[in-house]
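The values are calculated or read from the model by the stated rules, or taken from the named source; none is laboratory data. Here the structure is a predicted model, which means the values were calculated and not measured. No Cβ is skipped: glycine too gets one built from the backbone with ideal geometry, and neighbour counts run over all protein chains shown.
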Amino acid sequence: MDITYIPMARGFVYLAAVVDVASRRVLSHRLSITMEADFCIEALREALAKHGKPEIFNTDQGSQFTSLDFTNVLLDGKIAISMDGKGAWRDNVFVERLWRSVKYEEVYLRAYDSVAEARTSIARYLTFYNERRPHSALDRRTPDEAYFGARIIAAAA
């Protein structure tokens with residue numbers, strides 16, 4: 001999980017996303033006008049409710065992710081916490097690649113006039129990203145094909 005800055009016509013918002021590393025699928029996301037932990041916790045809870053509990057959950061070392069409210073959600077679920085090393089961009093390269101795609105394929109092509117417009121447009125893009133955008137690292141499959149295909153194979157075994 002990570003956060004990025006999203007510019008708008010006037011001001012900016014923050015985008016947090018929970019990403020499955022193996023499939024690159026965005027499991028949940030939230031936008032916020034503040035850097036408080038609440039929107040990150042909402043995205044985390046949604047991902048856990050919809051997709052189940054992972055063994056390990058990785059974040060960067062931002063104050064949202066080191067807060068007791070955030071870490072308690074993981075600890076209460078008996079989920080191991082992994083945090084990126086300070087300045088170690090390679091630890092979170094999959095999410096950083098997502099941010100590049102979101103910004104160059106969506107955000108920089110628009111000038112959102114409101115938070116509501118940004119929320120709607122980014123949600124639409126992330127649906128496209130998961131369902132229809134093939135990835136070279138996934139043998140030209142979409143994140144949904146990689147995520148759900150892997151789950152179907154595992155369930156059948």
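Is it the case that some residue within segment 88-95 is among the charged types (D, E, K, R) and modelled with pLDDT under 95? Yes - at least one qualifying residue is present in segment 88-95.
Listed here are the residues, each with its yes/no results for (1) in a loop (DSSP other than H, G, I, E, B); (2) not polar (S, T, N, Q).
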position: 3; (1), (2): no, yes
position: 9; (1), (2): yes, yes
position: 28; (1), (2): no, no
position: 40; (1), (2): no, yes
position: 43; (1), (2): no, yes
position: 47; (1), (2): no, yes
position: 54; (1), (2): yes, yes
position: 61; (1), (2): yes, no
position: 70; (1), (2): no, yes
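Could you check segment 3-29 and list, in sequence order, the residues that are among the charged types (D, E, K, R) and buried (at least 22 other Cβ atoms within 10 Å of the Cβ)? Residues satisfying the conditions are 24, 25.
So for segment 86-99 (the condition being on the phi > 0 side of the Ramachandran plot and within 14 Å of the chain's Cα centre (by Cα)), does at least one residue qualify? Even if it seems obvious, please write down each step before you answer.
Let us first name the residues in segment 86-99 that are on the phi > 0 side of the Ramachandran plot, namely 87.
Narrowing further to those that are within 14 Å of the chain's Cα centre (by Cα): none.
No.
Of all residues assigned to segment 30-37, at least one qualifies as being in contact with an Asp or Glu (Cβ under 6 Å, 6 or more places away or on another chain) and over 23 Å from residue 144 (Cα atoms).
Scan segment 79-88 and give yes if some residue there is surrounded by 11 or more Cβ atoms within 10 Å (Cβ to Cβ) and assigned to a helix (DSSP H, G or I), otherwise no. The answer is no; no qualifying residue exists. Pairing residues of segment 97-114 that are farther than 16 Å from residue 127 by Cα with residues that are not basic (Lys, Arg), at Cβ distances under 6 Å and at least 6 apart in sequence or on separate chains, gives 111/9; 112/8; 112/118; 113/9. What about residue 17, is it closer than 15 Å to residue 122 by Cβ and within 12 Å of the chain's Cα centre (by Cα)? Considered against the rule, which asks whether it is closer than 15 Å to residue 122 by Cβ and within 12 Å of the chain's Cα centre (by Cα), residue 17 comes out as yes.
Mind listing whichever residues of segment 31-74 are basic (Lys, Arg) and surrounded by 21 or more Cβ atoms within 10 Å (Cβ to Cβ)? Walk me through it before giving the result.
Step one: of segment 31-74, the residues basic (Lys, Arg) are 45, 50, 53.
None - no residue of segment 31-74 is basic (Lys, Arg) and surrounded by 21 or more Cβ atoms within 10 Å (Cβ to Cβ), so the list stays empty.
Among residues of segment 104-124 being in a loop (DSSP other than H, G, I, E, B) and not basic (Lys, Arg), the one that is modelled with the lowest pLDDT is 111. Cβ-Cβ distances below 9 Å connect the following pairs, each with a first residue in segment 1-20 that is within 18 Å of residue 105 (Cβ to Cβ) and modelled with pLDDT of 95 or more, a second residue that is part of a strand (DSSP E or B) and basic (Lys, Arg), and a separation of six or more residues or different chains: 15/30; 17/30.
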